[in-house]
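All remarks here apply to the structure that follows.
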Amino acid sequence: MDPRIIDILRYSALTVVLLVASLFVHKHYRRHVAKKEIVAELQSITTDSSFYRQFEAEAAHATLLQSVALIQQASDLGLTPTELFDRVFLHDQMDDFGESPSTDYPVKEELARNTLTSAYESAKRLEILNDKADISDLQDGRMPISLSGTPVILPLIDPKLSPGLEKIIPNLEILPADRANSERELTAIETAAARKLAKDLATAGLIENTIAERIVEHYQSKKKVASEDAATE
């Protein structure tokens, strides 16, 4: 075969290999950049001013929904919620002794991890992460509309016990449409969660201890009444 043809074939093959390698590198670089952007956005969302001190309840709701969209986007890029939050809170590296970082997180970090992971899992169960239109709504801070009933965001601890709790994201939950009513009745599990949340908020310095005690006492009383009602049935 003509040496010139051999050279042309060789250079053509090399060009194809370089092109494929370039596309591969570019794709992974874009994924790397996308992951960094998601981490940066969640770092902003989980700051005190955003996560605990929103001016309006509607803004807190929107921030929660945007967080859910970010977790889904991270999942599409191969990051689990745990891996994502390890990056958000800078636990994605080994410690000084080469061991995995501790999972004994500070209270505020634990609140953020639990709140957003729970909201994400609720969104999956309620099937509002199924298509691009749903994700787009969530990114804009809107609850996707569902023919089977649009989910709602409700506070766990009744804001009547401490005005302002409706604007604290850890106190918000995504629930099925049939839970939407003016007087939310908590289940036994939710009542226990409300008491724990009140204690955690006090430990984090977000509410006064006296307020936390009042909330715990309120839900402790509800638990007692519910137990007495069940015993008489």
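The values are calculated or read from the model by the stated rules, or taken from the named source; none is laboratory data. It should be emphasised that the depicted structure is a prediction, and the values quoted were computed from it without experimental measurement. No Cβ is skipped: glycine too gets one built from the backbone with ideal geometry, and neighbour counts run over all protein chains shown. SASA here: full protein model, heavy atoms, side chains in, ligands and nucleic acids out. Shrake-Rupley method; radii C 1.70, N 1.55, O 1.52, S 1.80 Å.
Examine the stretch 153-167 for a residue that is at pLDDT below 95, open to solvent by 50 Å² or more (accessible area, probe 1.4 Å) and of a type in the set (S, T, N, Q), and state whether such a residue exists. Taking every residue of the stretch 153-167 in turn, none turns out to be at pLDDT below 95, open to solvent by 50 Å² or more (accessible area, probe 1.4 Å) and of a type in the set (S, T, N, Q).
In the stretch 188-233, the qualifying residues are those that are loosely packed, with under 10 Cβ neighbours inside 10 Å and modelled with pLDDT of 90 or more, and the one that is nearest to the chain's Cα centre (by Cα) is ILE189.
I need the full set of residues from the stretch 124-157 which are of a type in the set (Gly, Ala, Ser) and part of a helix (DSSP H, G or I), in order please. Give the derivation first.
Keep residues of the stretch 124-157 that are of a type in the set (Gly, Ala, Ser), which gives 133, 136, 141, 146, 148-149.
Selection gives ALA133, SER136.
Here are GLU121, GLU173: which of them is modelled with pLDDT of 95 or more, closer than 24 Å to GLN73 by Cα and assigned to a helix (DSSP H, G or I)?
Details: GLU173 fails: assigned to a helix (DSSP H, G or I).
Matching residue, one of GLU121, GLU173: GLU121.
Considering only residues in the stretch 133-152 that are more than 19 Å from ALA74 (Cα to Cα) and loosely packed, with under 14 Cβ neighbours inside 10 Å, the one that is nearest to the chain's Cα centre (by Cα) turns out to be ILE145.
For (1) touching a residue at least 60 places away in the same chain (Cβ under 8 Å); (2) hydroxyl-bearing (Ser, Thr, Tyr), each residue gets a yes or a no:
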| site | (1), (2) |
| --- | --- |
| GLU110 | yes, no |
| TYR120 | no, yes |
| ALA123 | no, no |
| GLU127 | no, no |
| GLN139 | yes, no |
| SER148 | no, yes |
| LYS167 | yes, no |
| PRO176 | no, no |
| GLU185 | no, no |
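Name every residue in the stretch 32-58 that is in contact (Cβ under 8 Å) with a residue 12 or more places away in the chain, polar (S, T, N, Q) and either within 19 Å of ASP86 (Cβ to Cβ) or not in a helix (DSSP H, G or I) (or both), in order of residue number.
Here is the first cut: in the stretch 32-58, the ones in contact (Cβ under 8 Å) with a residue 12 or more places away in the chain are 34-35, 38-39, 41-43, 45-46, 48, 50-57.
Pick out the ones that are also polar (S, T, N, Q) and you get 43, 46, 50, 54.
The answer is GLN43, THR46, GLN54.
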